[in-house]
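K.L.:
Got a structure here, written out as structure tokens. Questions coming.
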Amino acid sequence: MVDLPKCGSTVLQLLAAVVALLCGLRWFEHSPNAQNALWQMLAMGVFGDGARPPPALEGFPDLCGNANPLRTLSWMAPADFNASTERNPRAVASLARPAPDAPVFVVGCGHSGTTELITLLDRHPLVHAYLDGPGMEFAIQPNSFISPWGWLPVGSMRDDVRFAKLAAKRHASHWAVKSPSNICRIGYIIKSLPSARFVMMVRDGRDTMISLRERFPHADVSGPLVLGRWVNDNSAGLAYENDPRLLIVKLEDLSGRPREVLPTILRHVGAPLDWAATRVELERSHKHFLGASPARTPKEPSGRSEARSGPTEPREEAWVETPGGGLGRGFELEVSRASFSPRARAQAAARAAAGAAGAAQPSS
């Protein structure tokens, strides 16, 4: 005869175990530290060689960035990062020409001008930059886009979908994020979003070292948080230097020649350079918005600065054309006023003066 009380107790225990398992997986899904810790244990062979994750890109630096973990894990730079591109005709086409809705990632060693550039890109009417994270940053996590846990019922956070919805609310076709640590995760991003575009900021190593030294005053100057970071992070980015989706930009060029450099950046990410082309793109992508009422139809740029608190209207007001119809003056003025370190500016000026003095001396 069936012992009903005992059977009921067993069922309740099983239900409790299932609930606990689901809660644990849910917690794991939202805990990048736990995911990174498990990935490290798998890579060390704690659970046997058969459970080891796929290898990382050959020659990739062992240390990268300053986000946890400093040690490179193979999910960040998978050796097969181009596999999803090769299987996707649209992604292959985007190698030669950026997709009209290409996600944009501003990467680089810390203190190399990534904040200045993402602020500029956010002024473009068709680019929505996510600036709400700490330090206006968004650091990619193991399951931000696709989940690397194919053998676990752990889903993706689908941050790309979230950013695309935020961009749509601001009537932008591109969304952009920045975080220096993402330079360590370019391979994962390409594998997840093969039509993505990257702008890698590079700053003079001497200025970067001084700036990082101010941020980490007790760190070893040659260690992984200061000079070593500049070496490691730039080495990580240069691992993809032959990929057409990556554009390398020197901060000194951006601040010194914005009229020349900014159009190159906009062409690379697929954002129009002038208002006429921008309006065409708006009409193509947002006919439902433009046709709502004449009062809501985009106006010609007026030169006024846009308040970030108004995301419901197109942001053409912040984008001022030059008389020739080219890149907006708003971008150029913003670059010239960029909040570069006064000490770094003084040091750069001193080096330039020393170089000029040296060149003027007659040779012996």
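K.L.:
5 Å is the cut-off here: which amide hydrogens, built 1.01 Å from N in the peptide plane, fall below it relative to L247, excluding neighbours closer than 5 in sequence?
P.N.:
Answer set, sorted by chain and number: F198, V199, M200.
K.L.:
Mind ordering 82-92, 123-133, 101-111 by average Cβ neighbours within 10 Å, highest first? Working shown, then result.
P.N.:
Details: 82-92: 13.5, 123-133: 21.5, 101-111: 25.6.
Listed from highest to lowest mean packing, they are 101-111, 123-133, 82-92.
K.L.:
Using the Karplus curve 6.51 cos²θ - 1.76 cosθ + 1.60 with θ = phi - 60°, work out ³J(HN,Hα) for each residue of the range 112-125 in order, rounded to whole Hz, and write x for Gly and Pro.
P.N.:
For the range 112-125, the Karplus-derived couplings read 10, x, 5, 5, 4, 5, 5, 5, 5, 4, 5, 7, 6, x Hz, x marking Gly and Pro.
K.L.:
Can you list the residues, at least 5 places off or on another chain, whose amide H is less than 5 Å from the amide H of H128, using H built in the peptide plane?
P.N.:
Sorted by chain and number, the residues that satisfy this are H174, W175, A176.
K.L.:
In whole Å, what are the extents of the range 100-145 along the principal axes defined by its C-alpha atoms, from largest to smallest?
P.N.:
Sorted from largest, the Cα extents of the range 100-145 read 30, 26, 18 Å.
K.L.:
Which ³J(HN,Hα) values, rounded to whole Hz and listed in residue order, are derived for the range 233-239 from phi using the Karplus coefficients 6.51, -1.76 and 1.60 in 6.51 cos²θ - 1.76 cosθ + 1.60 with θ = phi - 60°, glycine and proline given as x?
P.N.:
The phi angles translate into 5, 5, 5, 5, x, 5, 4 Hz.
K.L.:
Another question, if that's okay. Just report the Cα centroid separation between the range 56-87 and the range 176-225, whole Å.
P.N.:
Taking the Cα centre of each part, the range 56-87 and the range 176-225 sit 14 Å apart.
K.L.:
For the range 26-93, what relative contact order do you get, as a whole percent, if you take Cα pairs closer than 8 Å and at least 6 residues apart?
P.N.:
Values: 53 pairs, mean separation 15.8, N = 68.
That works out to 23 percent.
K.L.:
Here is a follow-up. Using the eigenvalues of the Cα gyration tensor, what equivalent ellipsoid semi-axes result for the range 25-149 when each is taken as the square root of five times the eigenvalue, whole Å, largest first?
P.N.:
Values: eigenvalues 164, 81, 42 Å².
Each semi-axis is the square root of five times an eigenvalue, giving 29, 20, 15 Å.
K.L.:
Counting only protein heavy atoms, what percent of the accessible surface of the range 35-193 is carbon or sulfur at a 1.4 Å probe?
P.N.:
Values: 3580 of 6260 Å².
Using a 1.4 Å probe with all protein chains present, the range 35-193 comes out at 57 percent carbon and sulfur.
K.L.:
Follow-up. From the gyration tensor of the Cα coordinates in the range 155-250, what semi-axes in whole Å does the equivalent ellipsoid have, largest first, with each one equal to sqrt(5λ)? Mind dumping the intermediate values first?
P.N.:
Numbers: eigenvalues 172, 48, 34 Å².
Result for the range 155-250: semi-axes of 29, 16, 13 Å.
K.L.:
If you don't mind, there's one more thing I want to ask. Out of every Cα-Cα pair in the range 166-210, what percent are more than 17 Å apart?
P.N.:
Working: 506 of 990 pairs.
Roughly 51 percent, once rounded to a whole number.
K.L.:
Separate question: Could you order peptides 165-171, 238-244, 42-48, 75-81 by the average number of other Cβ atoms within 10 Å of their residues, highest first?
P.N.:
The most tightly packed comes first, giving 75-81, 165-171, 238-244, 42-48.
The values are calculated or read from the model by the stated rules, or taken from the named source; none is laboratory data. All values reported here derive from a predicted model rather than from experimental measurement. Cβ sites come from the backbone with ideal geometry, for glycine too, and all protein chains shown count toward neighbours. When the accessible area is computed, the model is the full protein with side chains, heavy atoms only, and any ligands, DNA or RNA have been set aside. Shrake-Rupley method; radii C 1.70, N 1.55, O 1.52, S 1.80 Å.
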